[in-house]
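Trainee: Got a structure for you, written out below as structure tokens; questions coming shortly.
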Amino acid sequence: MSKLNLITKGFVKDNPTFMLLLGMCPTLATTTSAINGMSMGLATTFVLILSNMAISAIAGLIPDKVRIPSYIVVIATFVTLLQFIMQAYVPAVYDTLGLFIPLIVVNCIVLGRAEAFANKNSVFDSALDAIGVGLGFTVSLTVLGVVREVLGNGSLFGWKFMQADGILVFVLAPGAFLALAYLLVLFRKYIAKQ
């Protein structure tokens, strides 16, 4: 598999949101705005890259009986590091995302990539895979956040461009499901044409 393919497959074939339907909790809960979706995606990407690299480096040292708990400890270490960085440098984003940052530890995208890819491949390939999947997740969350913010608030990345309020349902939980459903259909129709 080419190095470029390792990165690009996360956008289309292994897109966590639109193809694999993984990480639905942060996808639906944090995408009330474009900036929140992008921030959650970037936070997950940070943890995904570092944990994939670390797990790939130590995979041969971990006995099979404790493989998954070991992965969770590695992931939790990087999530804790991420929390400290976010609290220090972007406290407003950290406060907005709140509980969903610690939940990255048990995010099935991160653990799934560790189990399916990182423990069987080189550190470099694992980093490329994590970049692709992480950026695919970030783009998906950002797009969903854009749709919800534009329709729900009449704004984009916090810039209000409509005088009137938007459609309230799109900033609420049902709007997340509606927007995700339509984006899933559009994404999969696009893929089917390729």
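Trainee: Note down all Cβ pairs under 8 Å where the first residue falls in region 36-53 and is within 12 Å of ASP129 (Cβ to Cβ), the second is open to solvent by 10 Å² or more (accessible area, probe 1.4 Å) and among the aromatic types (Phe, Trp, Tyr), and they're at least six residues apart or on different chains.
Mentor: Final answer for the pair search is SER51/PHE78; ASN52/PHE117.
Trainee: Return yes when LEU103 is in a helix (DSSP H, G or I) and modelled with pLDDT under 95 and no when it is not.
Mentor: Yes; evaluated as a whole, the condition is true for this residue.
Trainee: If I filter region 107-115 for residues that are of a type outside the set (D, E, K, R) and either without any contact (Cβ under 8 Å) to a residue 12 or more places away in the chain or farther than 26 Å from GLY37 by Cβ (or both), do I get at least one hit?
Mentor: Scanning region 107-115, I find no residue that is of a type outside the set (D, E, K, R) and either without any contact (Cβ under 8 Å) to a residue 12 or more places away in the chain or farther than 26 Å from GLY37 by Cβ (or both), so the answer is no.
Trainee: Residue under question is PHE84, and the condition is that it be modelled with pLDDT of 95 or more and open to solvent by less than 50 Å² (accessible area, probe 1.4 Å); does it hold?
Mentor: no
Trainee: Being over 28 Å from ILE7 (Cα atoms) and charged (D, E, K, R) narrows it down to one of GLU115, GLU149, so name that one.
Mentor: GLU149
Trainee: Looking at region 2-13, I want the residues that are closer than 9 Å to GLY132 by Cα and modelled with pLDDT under 80 and have a partner that is surrounded by 12 or more Cβ atoms within 10 Å (Cβ to Cβ) and charged (D, E, K, R) with Cβ atoms under 8 Å, at least 6 apart or on another chain. Which pairs are those?
Mentor: Cβ pairs passing all conditions: LEU6/ASP125; LEU6/ASP129.
Trainee: Then there is this: Under 9 Å by Cβ, and 6 or more places apart or on different chains, what pairs join a residue from region 78-89 that is touching a residue at least 40 places away in the same chain (Cβ under 8 Å) with one that is surrounded by 13 or more Cβ atoms within 10 Å (Cβ to Cβ) and assigned to a helix (DSSP H, G or I)?
Mentor: MET86/SER39; MET86/ALA43; MET86/VAL93; MET86/TYR94; MET86/LEU97
Trainee: Being open to solvent by less than 70 Å² (accessible area, probe 1.4 Å) and over 24 Å from the mean Cα position of the chain (by Cα) is the filter; apply it to region 163-194 and report the residue that is farthest from THR32 (Cα to Cα).
Mentor: ALA164
Trainee: Right, something else. Hey, can you tell me all the residues within region 105-134 that are open to solvent by 10 Å² or more (accessible area, probe 1.4 Å) and among the hydroxyl-bearing types (Ser, Thr, Tyr)?
Mentor: Correct list: SER122 only.
Trainee: Something else about it: Open to solvent by 40 Å² or more (accessible area, probe 1.4 Å) and either modelled with pLDDT of 95 or more or within 17 Å of the chain's Cα centre (by Cα) (or both): which single residue out of THR96, THR45 fits that description?
Mentor: Every option except THR96 fails the conditions.
Trainee: Against the condition at pLDDT 90 or above, in a helix (DSSP H, G or I), aliphatic (A, V, I, L, M) and surrounded by 18 or more Cβ atoms within 10 Å (Cβ to Cβ), how does ALA54 come out, does it pass?
Mentor: yes
Trainee: Would you check which residues across region 139-155 are open to solvent by 10 Å² or more (accessible area, probe 1.4 Å) and over 13 Å from THR32 (Cβ atoms) and list them?
Mentor: Result: VAL139, VAL143.
Trainee: Give the residue, chosen from TYR94, TYR190, that is within 20 Å of ASN5 (Cα to Cα), assigned to a helix (DSSP H, G or I) and among the hydroxyl-bearing types (Ser, Thr, Tyr).
Mentor: TYR190
The values are calculated or read from the model by the stated rules, or taken from the named source; none is laboratory data. On a predicted model such as this, the values are computed, not experimentally measured, just so you know. Neighbour counts are summed over all protein chains in view; Cβ atoms, including those assigned to glycine, are modelled from backbone coordinates with ideal geometry. Ligands, DNA and RNA are excluded from the accessible area calculation, which covers all protein heavy atoms including side chains. Shrake-Rupley method; radii C 1.70, N 1.55, O 1.52, S 1.80 Å.
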